[in-house]
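In what follows, a structure is listed as structure tokens, so that the remarks can point back to it.
The values are calculated or read from the model by the stated rules, or taken from the named source; none is laboratory data. Note that the coordinates shown come from a computational prediction; the quantities given were computed from them, not determined experimentally. When we count neighbours, we look across all protein chains shown, and the Cβ atoms used for this are built from the backbone with ideal geometry, even at glycine.
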Amino acid sequence: MREWGVVATISENTRVMPNPDTENIDCKAVRKRLGLTAVEFAKLLGVRVETISRWEHGHHRPTGLYAIRLAEIAQQATAKADEMKSQ
């Protein structure tokens, strides 16, 4: 019985909590900024193209690790765009 308590604690501590910085990212804008097709973007994120479509049309939002990964990619895309503007 004690082991289950440890597993539950580990699971609870490793859960990805919602983050306001990752909740309102425009998935389609990020994809377009990178110049990727939906298929390419899906491969980059490790999801199905149908998932990208649902995110882009507002039927669902990325959550958990996908939201974090999308936020990282969005940040990189913004940095790349800023770099290109300064050249």
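Can you tell me which residues in region 64-85 are exposed (fewer than 15 other Cβ atoms within 10 Å of the Cβ) and not small (Gly, Ala, Ser)?
Leu65, Glu72, Gln75, Gln76, Thr78, Lys80, Asp82, Glu83, Met84, Lys85
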For this session: Inspect all residues belonging to region 53-75 and state whether any of them is at positive phi and in a helix (DSSP H, G or I).
Result: yes
Exercise. When the residues of region 14-31 are filtered to those that are in a helix (DSSP H, G or I) and surrounded by fewer than 14 Cβ atoms within 10 Å (Cβ to Cβ), which remaining residue is modelled with the lowest pLDDT?
Worked result: Thr14
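Filter region 32-52 for residues that are outside any helix (DSSP H, G or I) and surrounded by fewer than 17 Cβ atoms within 10 Å (Cβ to Cβ) and give the result.
Gly35, Thr37, Gly46, Arg48
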